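Novice: I have a structure here, written as structure tokens, and I will follow up with some questions on it.
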Amino acid sequence: MRELENAIERAVVLGSTETVVPEDLPEALFEPLSAKDASLVGYHDRLKAAKKQIVIKALEAAEGNYTQAARELGLHPTNLHRLVRNLNLKPPHSE
């Protein structure tokens, strides 16, 4: 229970919108899918892959500039950083 409270508090404080979105929460909070939800796995995997491609293309077009890529995606730069982290993407210029 305390873990959930901390996660929600963090999402409210660090989120840039008034609404908490799944990207604001740590993945550890999400329940594993039950057997009856297994059919959704393909959907979620494809959705995550599509998000990755969209973010990668936006960052490439912006030459790694998060502020510009976020603007093109209609996101706050903080949300883009969080999305990159949640999608396990490495920043394009991390050497």
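The values are calculated or read from the model by the stated rules, or taken from the named source; none is laboratory data. Worth saying up front: this structure is predicted, and the values here are computed from it rather than measured. We place every Cβ from the backbone using ideal geometry, glycine too, and count neighbours over all the protein chains shown.
Novice: Out of the residues in the stretch 84-95 that are assigned to a helix (DSSP H, G or I) and modelled with pLDDT under 90, state the one that is nearest to Lys48 (Cα to Cα).
Specialist: Ranking the candidates gives Asn86 first.
Novice: Then there is this: Which residues, taken from the stretch 41-71, are β-branched (Val, Ile, Thr) and modelled with pLDDT of 90 or more? Spell out how you get there, then give the answer.
Specialist: Going through the stretch 41-71, the residues β-branched (Val, Ile, Thr) turn out to be 41, 54-56, 67.
Residues satisfying the conditions are Ile54, Val55, Ile56, Thr67.
Novice: Next up: Tell me, yes or no, whether the stretch 58-66 has at least one residue that is farther than 20 Å from Arg10 by Cα, within 13 Å of the chain's Cα centre (by Cα) and not polar (S, T, N, Q).
Specialist: Scanning the stretch 58-66, I find no residue that is farther than 20 Å from Arg10 by Cα, within 13 Å of the chain's Cα centre (by Cα) and not polar (S, T, N, Q), so the answer is no.
Novice: Something else: What residue, among those in the stretch 4-26 that are over 19 Å from Gly74 (Cβ atoms) and of a type in the set (Gly, Ala, Ser), is surrounded by the fewest Cβ atoms within 10 Å (Cβ to Cβ)?
Specialist: Once the filter is applied, the top-ranked residue is Ala7.
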